[in-house]
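The next block holds one structure in the form of structure tokens; read it before the comments.
Read-outs: derived from the displayed coordinates by stated rules, not from any lab. Keep in mind it's a predicted model, so treat the numbers as computed, not measured. All Cβ positions, even for glycine, are placed from backbone atoms using ideal geometry, and neighbour counts span all protein chains on display.
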Amino acid sequence: MDRLTKEQRHKNMSNIKNKDTSIEVKLRKELWKKGHRYRKNYKELPGKPDIALTKYKIAIFCDSEFFHGKDWEILKPQLERGKNADFWIKKISKNRERDEEINKQLIFQGWIVIRFWGKEINKNVEECVKVIEEVIFEKIINDNESFEQGE
């Protein structure tokens, strides 16, 4: 049973941001500082990636641990013991399935998908940028090799 009224719960849930979250802003600022230009919440792609490096076809998602089910094998049993268990398990399971489907669609379209957990970004945003830059470097190398081979 929920401690809040339906109206209070609705107000709380509607205040949860899905764009320009603190983790997205933190990662974007660091990328911008390094000279990387991007689109945010790119509507042209499935799942509207939080950050899209269109030049390199890299889609980046900044996922919160709870809503995207980090360590699901640990989180799920905790939710089963909590309040409103069916709702949360169903919601987070659907989010995880949707994330997988979006990954598949983007990869099929030739995009590279990178997903970071919020705590990764908060703990070490520089390391996240380094991962992105390594992917960019690999992409450039692979594209050059394909070009040289006449593909």
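Counting DSSP beta bridges in the chain, what percent are antiparallel, to the nearest 5? If we restrict to bridges inside the chain, about 45 percent are antiparallel.
Taking label points 7 Å from Cα along the Cα-to-Cβ direction, residue 97 and residue 133 give a separation of 4.0 nm. Membrane-span-like helices in the chain, defined purely by DSSP H runs whose alpha carbon atoms cover 30 Å or more axially and whose average Kyte-Doolittle hydropathy reaches -1.0, are 125-148. Near residue 54: Cβ cut-off under 10 Å, other residues only, Lys/Arg at +1 and Asp/Glu at -1. The net charge is +3. Straightening the chain between residue 20 and residue 140 buys 40.3 nm, computed as 0.36 nm per residue apart minus the Cα-Cα spacing. With N as its number of residues, segment 20-148 has a Cα radius of gyration that, divided by 2.2 N^0.38 Å, comes to 1.17. If you take the square roots of the eigenvalues of the alpha-carbon gyration tensor of segment 109-151 and sort them as a ≥ b ≥ c, do you get rounded (a/c under 1.5), prolate (a/b over b/c) or oblate? Taking the square roots of the gyration eigenvalues as a ≥ b ≥ c, segment 109-151 is oblate. Length available on full extension from residue 57 to residue 41: 0.36 nm per residue minus the Cα-Cα distance, which gives 4.3 nm.
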